Each structure stands twice: as C-alpha cells, then as structure tokens.
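Take a look at the structure below.
All of the numbers you see were taken from the coordinates with simple rules; none came from a lab. Computed from a predicted structure; not experimentally measured. Quick reminder, even Gly has a Cβ in these numbers, built from the backbone with ideal geometry, and neighbours come from all protein chains shown.
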Amino acid sequence: MSRTEQAHRYSETEEQQALRGAVADVAAKYGSGYWLEKARANERTIELWAEAGALGYLGANIPEEYGGGGGGIAELAIVCEELAAAGCPLLMIVVSPAIAGTIIARSGTDEQKTAWLPGLAEGTAKLAFAITEPDAGTNSHNLATVARRDNGGWILNGRKTYISGVDESDAVLVVGRTDDEQTGKLRPALFIVPRDTPGFDWKPIEMDVIAPEEQFACFFDDVELPAEALVGGDVAGLDQLFAGLNPERITIAAYANGIARYALEKAVAYANERQVWDVPIGAHQGVSHPLAEAAIQVELARLVTSKAAALHDAGEARAAGEAANMAKLASADAALLTLDRAIQAHGGNGLASEYDLAAYWGVLRVARIAPVSREMILNYVAQHTLGLPRSY
Ligand SMILES: Cc1cc2nc3c(=O)[nH]c(=O)nc-3n(C[C@H](O)[C@H](O)[C@H](O)COP(=O)(O)OP(=O)(O)OC[C@H]3O[C@@H](n4cnc5c(N)ncnc54)[C@H](O)[C@@H]3O)c2cc1C
C-alpha cells in the first residue's frame, strides 16, 4: 500500500472514497451554473435531488432494510461535501435525511419507519424540521409549541420561524412539548405534521440569501393530529431529539467544507492564470499565503468533521456532541475565511456574477448562525470541555 493510500485509509474506507468519487462525478454534471440559476430564479434543485436520490446518495445513512445505503452520517457527510464542492450545496440534505432520517430510524415506531424511511432514502419524500421559535430563540427550554391530548389524538398550537423548505416537503417534523403522563410536567416531543393539515399555515420569509431553498414562518393553530403523529410513541423524548442534532451539525459542517473547497479551487485556478505584472498573481506571496493558510484551516475543519461523524456512527453520543460542535464552528469559520480570500484573489472579478463566487456568501454565512450559533458552541465548549462556569 502506498503512503497516499495509507493516508487516505487513515480517515476513509475504500467504499467511502468510491462514494466520494461517484458523487463528485454526478455533481460535476450540474455544477455552480445549475445551482445558481435555480437559486437566482427562486426555483428548487429538483433534477439534482431526484438523481442523487435515485442513485442512493440521499439515503446513504438510512438502514438498508428501508431502502437506504446502510451507512452512517460519515457517508451522508461525504455526499453533502462533494455536492457543495461542485458548487451545489443542498441544504435539505441536512434537514431531511440527516435530521429527520436519523430521528425516525432511531426512535420512530415501525409504522413511522415504514411510512417515511424508504421515501427519504430515495429522495421522493422530504421532511422539514422545525425547532426554532420567534420568542424562544437559542433557548430551547423556552419552546412554547405545545401539544395537548385530545380524544386519543393531539391538538398542537404554536409558532416556528426560519424553517427551511416547508414548500418542498411532505411534512414538518415539529419539536414541541407535551405533558408527561406520569409527572404532569411538559417534556419535549416530536410530531410529524403533514403540510396540508388544517390549522397549519406557512409563509415565506424574505431573505437576502441567494439559495434554492426558502425559509418559512409556520403557524400551528389548533392543529388536530392523530396519536400516531407523535414520533416514537409515548416513550420517546429528549434523547430522540438529541439523536438528530449531531447529524445536523456534522452535515452542515460538511456543507461548509464543500463550499470552501469550491472557492479554493476557483481561487487557485484564477491565481495561476491571472497575470498583471510579469508573473501569475499566485506567485505573489500576498496572494498565495492567504490561500495556503485557508487550505490548512479547511483541512483541519474536515478532519474534525470526519472525527465527529465517526464518533456519531460508533454510538459515542457525548463525544460526538463535542466534536460535532467543534466541527460546525471550525468549518463555518474556515469556509468563510476561504471564500473571503478567494474573492480577494479574484480582485473586482470576485464580486462579479460571472465568477460564481460572491453569490455563495449568504448560504455560507448562515452556517455561523444555524443550526446553532457560534456563540452557543463557544458556550458549550467553555462549559463542557473546559469546565468553566455557565454565564446564562
Ligand atoms: C437560512 C436559515 C435556515 C434555518 N433553518 C432552520 C430550520 O430548518 N429549522 C429550524 O428549526 N431553524 C432553522 N433556522 C433557525 C436557526 O437555527 C436559528 O436562527 C439559530 O438557532 C439562532 O437562533 P435565533 O435566530 O433565535 O437567535 P437568538 O437566539 O435570538 O440569538 C441572537 C444572537 O445572540 C446570541 N446569543 C443568544 N444567547 C446567548 C448566550 N447565552 N451567550 C452568548 N450569545 C448568545 C446568539 O449566538 C446570536 O448571535 C434557520 C436559520 C436560517 C438563517
């Protein structure tokens, strides 16, 4: 085995490398031209989603018995990263197979698994995920979306905000609270709410982000749900929610890492070709060093992302939580630094639409805020990794 092969095996199996190559080949057929055209026209990436689904990439982490690839979040993160590296970051992968797929595969009832997992795996079904509320913000203890028992079913009331892709999803996986039958206290619970359920209303939020996905405000007004809408039945709770949060952080990190690679590749090509004095601009260390430094930051971010995925897939929830938080912060920071430097290396062209670069700023900037903000990750690491006191 060559050193290069050995180095690759350090982090990835042969199957994972083959998956990476196969996804990259498909993504290259679409590229930034396709993604940006859809984003600028406020259209969805239906063709790419369908092809990635049919080839089994979107279901990489879904169990084989439900039509998925039987891999883990490591495989789904590879899919996310390679699509983004070709200029096609797909936010709904983070939401639908990563969060909803993980939660339903781990905690859903047999009926819920049969109803949802095959469709999520092949990309023919999509679930949005709704936790954020206008008045709760980052403090999920303040969630005010509540489901009360009624005639053997549920009545759901509440509001959610910045929910991605409601218009293109079949249903929304809603994080609410319900009374615990034993203690009478409210505890977190997840409900599957089909998009056309009476009492459920959703409106787009205008965003200054160029993206093929839209964000929505959701209103649940006396929404009647059957007993089976509760994910996992009465036994489930907080654990099932946490099961989905690490995959969310890991795949958004992979999404950012992919955009970073996309920007770096463009910057390197440009710096090798553009000449304003008597050498290509990449020969000036003022251009090459910022890009080299960005490449190092991106590689570090990719390493901690694959560590987080490996820990999650090994069932090491606590260690995965720490690594997933670190990966999310490191990847967002590395990718934003890289995109900024790639724009700088392009000079004025970096901001021109023709160069397909600055248009990614918005979707990437989101990664510093969602699904968990930079500040809350620093709070987490300060308290849990370092043992410092909590400030809030
Ligand atoms: C494009 C986009 C897509 C999204 N998609 C989804 C989705 O599909 N589903 C979903 O549920 N949500 C989604 N979100 C919401 C996102 O997860 C939240 O915006 C994010 O969690 C931050 O919450 P907030 O906006 O309420 O900020 P706030 O909680 O109001 O925080 C505002 C600022 O204060 C800081 N802050 C708050 N408390 C503290 C503290 N104790 N210490 C230090 N700093 C603090 C925060 O870090 C942040 O910078 C999306 C958001 C965007 C922009």
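Miscellaneous remarks
- Relative contact order of the range 129-236, taken over Cα pairs closer than 8 Å and 6 or more residues apart, is 30 percent.
- Taking every Cα-Cα distance in the range 214-273 and sorting them into 5 Å bins starting at zero, the pair-distance distribution P(r) comes out as 4, 12, 10, 11, 16, 12, 9, 7, 6, 5, 4, 3, 1 percent.
- Dipole moment magnitude, nearest 20 debye, the chain about Cα centre, only Lys, Arg, Asp, Glu C-beta charged: 1060
- An ellipsoid equivalent to the range 129-236, defined through the eigenvalues of its Cα gyration tensor, has semi-axes of 25, 15, 11 Å when rounded to whole angstrom and sorted largest first.
- Theoretical gain in end-to-end length, Gln17 to Ala352 [0.36 nm per residue, Cα-Cα removed]: 117.2 nm
- For GluC sites (Glu not before Pro), the sites in the range 160-209 that DSSP calls loop and that have at most 14 other Cβ atoms within 10 Å are Glu181, Glu206.
- At R0 = 56 Å, FRET efficiency that the Cβ-Cβ distance of Val276 and Thr183 yields, to 0.05: 0.20
- For Tyr380 and Ala115, a Förster radius of 25 Å and the Cβ-Cβ distance give a FRET efficiency of 0.15, rounded to the nearest 0.05.
- Glu316/Val209 FRET efficiency (R0 25 Å; Cβ-Cβ; nearest 0.05): 0.15
- Between Glu299 and Gln344, the contour length at 0.36 nm per residue exceeds the alpha carbon distance by 14.2 nm.
- Dipole-positive endmost among Ala352, Gly71, Phe220 within the chain (Cβ charges, Cα centre): Ala352
- Distance between modelled label sites at Asp150 and Ile46, nm, 7 Å Cα→Cβ extension: 3.5
- Cα extents of the range 163-320 along the three principal axes, largest first (Å): 75, 38, 21
- DSSP beta bridges in the chain [antiparallel fraction, %, rounded to 5]: 85
- In plain terms, the bigger the Kirkwood radius, the slower the diffusion; for the range 86-133, with that radius from Cα pairs, at 4 °C and 1.567 mPa s, Stokes-Einstein puts D at 115 µm²/s.
- 5 Å binning of all Cα-Cα separations within the range 1-146, expressed as whole percents from 0 upward: 2, 9, 17, 18, 17, 14, 12, 7, 3, 1, 0, 0
- The trypsin sites (Lys or Arg not before Pro) of the range 115-212 that meet both conditions, a loop assignment by DSSP and at most 11 other Cβ atoms within 10 Å of the site Cβ, are Lys185.
- Under the membrane-span-like helix rule (DSSP H runs whose alpha carbons stretch at least 20 Å along the helix axis, mean Kyte-Doolittle hydropathy -0.5 or higher), the chain yields 238-273, 285-313, 317-345.
- At q = 0.08, 0.10 Å⁻¹, base-10 log of I(q)/I(0) for the chain (Debye sum, equal scatterers on each alpha carbon): -0.42, -0.65
- Cα-Cα over 30 Å, subset of Lys113/Lys160; Lys29/Lys203; Lys185/Lys328; Lys203/Lys266; Lys38/Lys113; Lys113/Lys328: Lys29/Lys203; Lys185/Lys328; Lys203/Lys266; Lys38/Lys113
- Charge tally for Met92 (other residues, Cβ to Cβ under 9 Å; Lys, Arg +1; Asp, Glu -1): 0.
- Expected-Rg normalisation [2.2 N^0.38 Å, Cα atoms] applied to the range 4-88: 1.16
- Values of log10 I(q)/I(0), in the order q = 0.18, 0.23 Å⁻¹, for the range 49-122 under a Debye, Cα-only, solvent-free model: -0.59, -0.94
- The three principal axes of the Cα atoms in the range 239-385 give end-to-end lengths of 60, 25, 25 Å, sorted in falling order.
- Each peptide in 326-338, 214-226 receives the mean, over its residues, of other Cβ atoms within 10 Å, and ordering these scores from highest gives 326-338, 214-226.
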